[in-house]
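J.: Quick one: this structure, given as structure tokens, is what I'll be asking you about.
The values are calculated or read from the model by the stated rules, or taken from the named source; none is laboratory data. It should be emphasised that the depicted structure is a prediction, and the values quoted were computed from it without experimental measurement. Glycine also receives a Cβ, built like all others from the backbone with ideal geometry; neighbour counts cover every protein chain displayed. These area figures cover heavy atoms from the full protein model, side chains too; ligands, DNA and RNA do not enter into them. Shrake-Rupley method; radii C 1.70, N 1.55, O 1.52, S 1.80 Å.
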Amino acid sequence: MVNREFIEGFAARMNLSAVETQRLVHALVESMTEMLESGNEVNVQGFGSFEVKKKNERVIVHPSTGKKILVPPKLVVGFKQSNVLKSQVKESKLQES
């Protein structure tokens, strides 16, 4: 599903225009980004939680040259799905089979 399809489907569900829905989604993502940038975890009930995690520096080996490379530490966003979402996805996949 691409962004346009998501916005159109969400707009139809909410009985809003695509432009209004696009603004709502953009505002939601912006708010979540600001919360994560400030070091807070974002929990969405029934969906899951987002949090910033630190990946330590590590040494990797380039597969074609065999040369060792130091990868610097970085921050990444992690997502953990809720049990509600997990069970709903599992049920829908079982029904499709």
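J.: In this structure, is Met14 open to solvent by 90 Å² or more (accessible area, probe 1.4 Å), among the aliphatic types (A, V, I, L, M) and under 24 Å from Ser82 (Cβ atoms)?
T.: When the stated conditions are applied, Met14 passes them.
J.: Only one of Val59, Val29, Val52 is of a type in the set (A, V, I, L, M, F, W, C), surrounded by 10 or more Cβ atoms within 10 Å (Cβ to Cβ) and touching a residue at least 12 places away in the same chain (Cβ under 8 Å). Can you tell me which?
T.: Working: Val59 fails: surrounded by 10 or more Cβ atoms within 10 Å (Cβ to Cβ); Val29 fails: touching a residue at least 12 places away in the same chain (Cβ under 8 Å).
Exactly one of Val59, Val29, Val52 is of a type in the set (A, V, I, L, M, F, W, C), surrounded by 10 or more Cβ atoms within 10 Å (Cβ to Cβ) and touching a residue at least 12 places away in the same chain (Cβ under 8 Å), namely Val52.
J.: Assigned to a loop (DSSP other than H, G, I, E, B), hydrophobic (A, V, I, L, M, F, W, C) and out of contact with any strand residue (DSSP E or B) (no Cβ under 6 Å at 6 or more places or on another chain): is that true of Leu28 in this structure? I'd like the intermediate steps shown before the answer.
T.: Values: assigned to a loop (DSSP other than H, G, I, E, B): no; hydrophobic (A, V, I, L, M, F, W, C): yes; out of contact with any strand residue (DSSP E or B) (no Cβ under 6 Å at 6 or more places or on another chain): yes.
Answer is no for this residue.
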